[in-house]
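Taking it in order: structure first as structure tokens, then the write-up.
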Amino acid sequence: MAETVLVTGGADSVGRVMAEAFAARGDRVHICDIRADALAATLAANPGMQGTLADVGEPEELARVIAEATGWLGDISVLVNNVGIGGPRAGIEDIELDAWDRTLAVNVTAMFHAIKRVVPGMKRRGGGAIVNFSTGSTRTRLPGRTAYVVSKFAVEGLTLNAARELGPHKIRVNAILPGMIDNARMQGIIAAKSGETGRPVKAIEADYLRFISLREKTQPADLAAMVLFLASDAGRLVTGELIAVSGNLEWED
């Protein structure tokens, strides 16, 4: 039976690849995104998909996303909480409270609100799958990115506790911990470091890969494959897991 899928941040990069992978296997997919141009492009390329322009860090906008998604899909059987922001890059003493609050609102509170709103429908269906996106940085730690790392630790706590609470209702909850994703954001970070240091892009990239055991970047398709597995019958006994899809991220700077 086709799944009814909601992917937040589904208009670009990993989110789009995941949404299109669900659609390709015959599932009905609703996405949301904060970027109007990316959302329009993704929906134009995928006529069977629907979407909502929204900032999930604002509770009333997230409520609208869920209302529009369930209005079209009915009860949601798969929720992929993909949206996240990098937060402030600053020492602890220099983090502005507004930036701290915004990071937690988007990275954690939005996930909580989405889960809260889809769980009743999953219970009515007799089960479902929730996949939250954390980060490999919760294992390596990352100075200067405290708001981001703390928010992702909270995502993992939310995941683990929800898995235990919702398990008796056959609702599985897992988290993905990506590493060095080969996408525009990571390419931009590398290019910026290259500009700052005057070193070639390839040399900066090699610095990152040196601390990944498999010496490979994570492709968006790799993340999509894991998410689809977790949302499939093959993953029916997998819940309460924090799964790194990173090539084993050993350390980062």
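Quick grid of which residues meet (1) modelled with pLDDT of 95 or more; (2) of a type in the set (A, V, I, L, M); (3) under 30 Å from Gly128 (Cα atoms):
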residue	(1), (2), (3)
Ala175	yes, yes, yes
Pro178	yes, no, yes
Asp182	yes, no, yes
Ile189	no, yes, no
Glu205	yes, no, no
Leu209	yes, yes, no
Thr218	yes, no, yes
Ala225	yes, yes, yes
Phe229	yes, no, yes
Q | Search result, residues across the stretch 97-115 that are farther than 18 Å from Ala67 by Cβ, of a type in the set (A, V, I, L, M, F, W, C) and crowded, with 21+ Cβ neighbours inside 10 Å | A | Val106, Val108
Q: Among what's in the stretch 236-253 and is out of contact with any Gly (no Cβ under 9 Å at 6 or more places or on another chain) and outside any loop (DSSP other than H, G, I, E, B), pick the residue that is nearest to Thr218 (Cα to Cα).
A: Ile243
(Q) Take Leu214 and tell me if it is in a helix (DSSP H, G or I) and of a type in the set (A, V, I, L, M). (A) no
Q: Could you please let me know if Asp75 is of a type in the set (Asp, Glu), closer than 21 Å to Glu165 by Cβ and out of contact with any strand residue (DSSP E or B) (no Cβ under 6 Å at 6 or more places or on another chain)?
A: yes
Q) Can you tell me how many residues in the stretch 156-205 are among the β-branched types (Val, Ile, Thr), within 26 Å of Gly126 (Cβ to Cβ) and in a helix (DSSP H, G or I)? A) 1
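Matching residues to (1) over 20 Å from the mean Cα position of the chain (by Cα); (2) at pLDDT below 95; (3) over 25 Å from Arg125 (Cα atoms):
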| site | (1), (2), (3) |
| --- | --- |
| Met49 | no, no, no |
| Gly57 | no, no, yes |
| Gly71 | yes, no, no |
| Ser77 | no, no, no |
| Gly84 | no, no, yes |
| Leu97 | yes, no, yes |
Q.
Quick test of your reading of the structure: Ser137 fulfils all but one of (1) surrounded by fewer than 22 Cβ atoms within 10 Å (Cβ to Cβ); (2) touching a Pro at 6+ places or on another chain (Cβ under 9 Å); (3) touching a residue at least 60 places away in the same chain (Cβ under 8 Å). Name the failing condition by number.
A. (2)
Q) Does the stretch 108-141 hold any residues that are in contact with a Gly (Cβ under 6 Å, 6 or more places away or on another chain) and in a loop (DSSP other than H, G, I, E, B), and which are they? A) Gly136
Q. Is the stretch 13-24 home to any residue that is closer than 18 Å to Val119 by Cα and either touching a residue at least 40 places away in the same chain (Cβ under 8 Å) or assigned to a helix (DSSP H, G or I) (or both)?
A. no
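The values are calculated or read from the model by the stated rules, or taken from the named source; none is laboratory data. Only a predicted model underlies this, so the values are computations on that prediction, with no experimental measurement involved. Positions of Cβ are generated from backbone atoms using ideal geometry, with glycine treated the same way; all protein chains shown enter the neighbour counts.
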